[in-house]
Amino acid sequence: SQQVRGMATLKMISIRLKSVKNIQKITQSMKMVSAAKYTKAERELKLARPYGIGAQEFYKKAEVKGEEGEKGQLIIAVSSDRGLCGAVHSSIGRIVKTDIAANPNTKVVIVGDKVRNILQRLYAKNIAMVVTEVGRKPAVFGDAALVAQSIINSGIEFSKGKILFNAFRTVVSFRTTEMPLYSQNAVANASKLPVYDSLDSDVIQSYTEFSLASLLFYSMKENATSEQSSRMTAMDNASKNAGEMIDKLTMTFNRTRQAVITRELIEIISGAAALETKN
Amino acid sequence: MALTRSALRLFSGRFTQACQVRGYADAPSMSLTFAAPSQVLYNNISVKQIDVPSFSGSFGILPAHVPTLAVLKPGVVTVFENDGSTKKFFVSSGTVTINEDSTVQLLAEEAVPVDTLDISAAKELLAQSQSQLASASSEVAKAEAEISIEVSEALVKACE
């Protein structure tokens, strides 16, 4: 029975070895794909950055402040549908959870399935809208405009708001950041607004609606770059881990194989010796 | 609109000449960031003047222009750079912000240099949008067709 166990272990090890080798191939190819997507995303982000930063300038220069009203808070959580990308989605989910715990009167618009999965269990009633089919193709302005239009059409009212996303820093690091969102009321009550000439509510409305789309677009671009670089790192680590497992398993496999051969030899020799001594 | 634009340019010519006479120390600077979602045209570049088409009328922006916000209309944005050259871009829509410190953010949804426009394609688009309007059934479809006509008319005008 020792022999049978030895052979079975050998087969089990070789099955395991084969599957880990396959996993390594998959993670390596995922890393390549992510690297290509990351390069493209970073290039597009570089072109989108002046646009995104420019879109925030007015609110800074006019010193617009979020209101402390009873209409509550709006959080737009930007993530995507696909996983295996490190801490990208969980960091957003964590911050939304602590925020809702601090301000229960919060509505969340979720862009991407992953954060929806994180929030659905405990905070399903705070979820106002979910956007899916995100992340497969690079975001274009039309996508952000669509989301912004849906938010506006749904008539969600808020006193203060923020867009939560992962700002891209370097290939190996990203930072979960928030961009403030202001209601039309907050803009109208801004301390430096009287400095701005000839503004009527139409202009303010069009301006805030357009900047919602612009800020969303910018956050999507930053998040996409962070996601791809994070996935690249995660898959690279997974490949390295798989490689280590393969080394260890190969070592075990060879040792087991040699042990099996040695056992067979011992049995044959001791069998032969027994026959000899019998004779 | 064309009249006001050319009148503005006459006026601005005199203004900039006066600036030059007064000398560099007196001339205030204006920093322009003109960007579209997928391209950067100017990023905090100092320019002399910017003419923008907006829903509240076309106007020229000079340094120390009063702060304001405006919504862009389909049309041509003309940037007068510090070295005297002029560049024209067609914009589809967007916003312009002029701040107290003379920084200008011109955010356009689409912006292309005017010399890349093809007038025959623009005329074709105009004809298409006009037939779209004729066959439009719902309010939304009508509004979309009207917007399309507005953009294509401005495109044709920009090419001429």
Scan of region B:40-72 for residues that are among the aliphatic types (A, V, I, L, M), part of a loop (DSSP other than H, G, I, E, B) and either buried (at least 22 other Cβ atoms within 10 Å of the Cβ) or facing chain A (nearest Cβ under 8 Å) (or both), ordered by number = B:Val66
Only one of (1) without any contact (Cβ under 8 Å) to a residue 60 or more places away in the chain; (2) buried (at least 21 other Cβ atoms within 10 Å of the Cβ) is not met by A:Ala77, so which one is it?
-> (1)
Under the condition of being exposed (fewer than 11 other Cβ atoms within 10 Å of the Cβ) and among the acidic types (Asp, Glu), which residue from region A:245-279 is farthest from A:Asn22 (Cα to Cα)?
-> A:Glu276
Out of (1) within 14 Å of chain B (Cβ to nearest Cβ); (2) at pLDDT 90 or above, what's the single condition that is false for A:Thr106?
-> (1)
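Residues of region B:28-39 being at the interface with chain A (Cβ under 8 Å from one of its Cβ atoms) and either in a strand (DSSP E or B) or in contact with a Ser or Thr (Cβ under 8 Å, 6 or more places away or on another chain) (or both), which ones?
Of region B:28-39, the ones at the interface with chain A (Cβ under 8 Å from one of its Cβ atoms) are B:33, B:35-39.
Across region B:28-39, the qualifying residues are B:Thr33, B:Ala35, B:Ala36, B:Pro37, B:Gln39.
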Scanning region B:90-137 for residues that are free of Cβ contacts under 8 Å to residues at least 12 places away in the same chain and farther than 16 Å from B:Cys159 by Cβ, the one farthest from the other protein chains (Cβ to nearest Cβ) turns out to be B:Ala134
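Give me the residue from region A:44-70 that is at the interface with chain B (Cβ under 10 Å from one of its Cβ atoms) and loosely packed, with under 15 Cβ neighbours inside 10 Å and, out of that set, farthest from A:Glu157 (Cα to Cα).
Taking region A:44-70 first, the residues at the interface with chain B (Cβ under 10 Å from one of its Cβ atoms) are A:44, A:46-62.
After this cut, where a residue has to be loosely packed, with under 15 Cβ neighbours inside 10 Å as well, the list is A:46, A:60.
Values: A:Lys46: 33, A:Lys60: 22 Å.
The qualifying residue farthest from A:Glu157 (Cα to Cα) is A:Lys46.
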Considering residues that are within 12 Å of chain B (Cβ to nearest Cβ) and in contact with a Pro (Cβ under 6 Å, 6 or more places away or on another chain), the number found within region A:149-205 is 2
Scan of region B:73-89 for residues that are buried (at least 18 other Cβ atoms within 10 Å of the Cβ) and assigned to a loop (DSSP other than H, G, I, E, B), ordered by number = B:Lys73, B:Pro74
Test result for A:Ala144, within 24 Å of A:Val172 (Cβ to Cβ) and aliphatic (A, V, I, L, M) = no
Taking A:Phe217 and the conditions (1) assigned to a strand (DSSP E or B); (2) within 28 Å of B:Ser54 (Cα to Cα); (3) modelled with pLDDT of 95 or more, which numbered condition does it fall short on, given that it satisfies the others?
-> (1)
What is the one condition in (1) assigned to a helix (DSSP H, G or I); (2) within 20 Å of A:Tyr207 (Cα to Cα); (3) within 14 Å of another protein chain (Cβ to nearest Cβ); (4) not acidic (Asp, Glu) that B:Val151 does not satisfy?
-> (3)
Identify all residues within region A:60-91 that are farther than 16 Å from A:Lys162 by Cα and in a helix (DSSP H, G or I); write none if there are none.
-> A:Lys61, A:Val88, A:His89, A:Ser90
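Select, from B:Ala158, B:Ala143, the only residue that is in a helix (DSSP H, G or I) and within 14 Å of another protein chain (Cβ to nearest Cβ). Spell out the reasoning first.
Working: B:Ala158 fails: within 14 Å of another protein chain (Cβ to nearest Cβ).
Unique residue meeting the criteria: B:Ala143.
Going by what's in this entry, would A:Lys162 be described as under 19 Å from the mean Cα position of the chain (by Cα), under 18 Å from A:Lys60 (Cα atoms) and surrounded by 16 or more Cβ atoms within 10 Å (Cβ to Cβ)? First the steps, then the outcome.
Numbers: under 19 Å from the mean Cα position of the chain (by Cα): yes; under 18 Å from A:Lys60 (Cα atoms): yes; surrounded by 16 or more Cβ atoms within 10 Å (Cβ to Cβ): yes.
Taking the combined requirement at face value, the residue satisfies it.
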A:Ala238 vs. criteria in a helix (DSSP H, G or I), surrounded by 18 or more Cβ atoms within 10 Å (Cβ to Cβ) and among the small types (Gly, Ala, Ser) = yes
Given (1) more than 30 Å from A:Lys40 (Cβ to Cβ); (2) modelled with pLDDT of 95 or more, number of the condition A:Arg257 does not satisfy | (2)
Over region A:206-248, the set of residues more than 22 Å from A:Tyr38 (Cα to Cα), within 11 Å of chain B (Cβ to nearest Cβ) and of a type in the set (A, V, I, L, M, F, W, C) is A:Phe210, A:Ala213
The strands (runs of 3 or more DSSP E) lying entirely within region A:101-213 that contain at least 2 residues which are within 18 Å of A:Cys85 (Cβ to Cβ) are A:106-111, A:160-170, A:173-182
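The values are calculated or read from the model by the stated rules, or taken from the named source; none is laboratory data. Keep in mind that this is a model prediction, so the values were computed, not measured. Using ideal geometry, Cβ is built from the backbone for each residue, glycine included, and neighbour counts are taken over all protein chains shown.
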